[in-house]
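Below: one structure, written as structure tokens.
Each value in this text was obtained by applying a stated rule to the coordinates, not by laboratory testing. All values reported here derive from a predicted model rather than from experimental measurement. Here the Cβ positions follow ideal geometry from the backbone for every residue, glycine too, while neighbour counts run over all protein chains shown.
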Amino acid sequence: MTTEFKTRIRNMERYLEDGFVYCVHWEITADSGTCQVNRIGQVGFEREEGVTITPFDQLTEVDVMAWIAAHVDVSYMNTLKQSMTDQIAELTSAPVTAVGMPWLLLTQPVDAPPHDVPTAPV
């Protein structure tokens, strides 16, 4: 089973005075073709002296995705992807456990109530 991963920007938080983006919310989705799982994360930023701020209205998705790639540890992302792959495998495999009590399992159909039972006024 091949799992495809896609990362997208969910939202960004910025200061109105100058458009500085101080937080980016992102989501990664794992899609096996029959099942999808996702995780969300965020990256925070602080101003750095001497670094020019790109005006907010000039930012592109490619720019912000590069910020995420630069700030999210590769080993963390690999662990996240493995966890999502494992979850998909668990969701798509036959169950190996169950819950319940044998004396509460219904083995015979339950009779429907008669149609002439009066209903209580509302």
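Dipole of the chain computed with +1 at Lys/Arg Cβ and -1 at Asp/Glu Cβ about the Cα centre; of S32, V43, W103, farthest Cα towards the positive end is W103. Remark: M84, M77 ranked as M77, M84, counting other beta-carbon atoms within 10 Å and listing the fewest first. In terms of packing, defined here as the mean over residues of other Cβ atoms within 10 angstrom, the peptides 93-105, 34-46 line up highest first as 34-46, 93-105. Using only side-chain charges placed at the Cβ, +1 for Lys and Arg and -1 for Asp and Glu, the dipole size of the chain relative to its Cα centre rounds to 340 debye. Among D57, D63, the order by Cβ neighbours within 10 angstrom, fewest to most, reads D57, D63.
Determine which residues of segment 43-81 fall in the zone a paramagnetic label at D18 would reach in this model, i.e. backbone nitrogen under 17 Å from the point 7 Å along Cα→Cβ. Correct set: 45-59. Between the Cα long axis of helix 74-92 and the first principal axis of the chain there is an angle of about 20°, rounded to the nearest 10.
Taking the number of Cβ atoms within 10 Å of each Cβ as an exposure proxy, the fewest-first ranking of Y76, Y22 is Y76, Y22.
Each residue of segment 42-47 was assigned a 3J(HN,Hα) from its phi angle through the Karplus curve 6.51 cos²θ - 1.76 cosθ + 1.60 (θ = phi - 60°); the sequence is 8, 10, x, 10, 10, 5 Hz, with glycine and proline shown as x.
Extents of the chain, taken as max minus min of Cα coordinates on every principal axis and listed largest first, are 80, 46, 24 Å.
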